[in-house]
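Following: one structure in structure tokens, then a few remarks.
The values are calculated or read from the model by the stated rules, or taken from the named source; none is laboratory data. From a predicted model like this one, the values you see are computed outputs, not experimental measurements. Using ideal geometry, Cβ is built from the backbone for each residue, glycine included, and neighbour counts are taken over all protein chains shown.
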Amino acid sequence: MSKRAKPGPGRNDRGAGKGKTPAPSPEARRKQIIVGIVMGAIMGVVLGALTQFWLWLPAGLAMGLATGAIMKPPAE
């Protein structure tokens, strides 16, 4: 049997409450989502051209939108 480790300082807290960075501005979020959509469109067009399957474009746009929404914008 293995023992379960007890949570202590520095374990599983992921820095909550310590030096929290401020939320990104709405302009930075908007720019990040636009950059993600553009990158997804480029990847969708490239994959569509390579595979001759046009449905890679919407898949690329969805992937870019998700990536842009999930990623944290760079610090200004």
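I need a count of the residues in segment 19-52 that are in contact (Cβ under 8 Å) with a residue 12 or more places away in the chain and basic (Lys, Arg).
2
For Thr21, state whether it is assigned to a loop (DSSP other than H, G, I, E, B) and at pLDDT below 90.
yes
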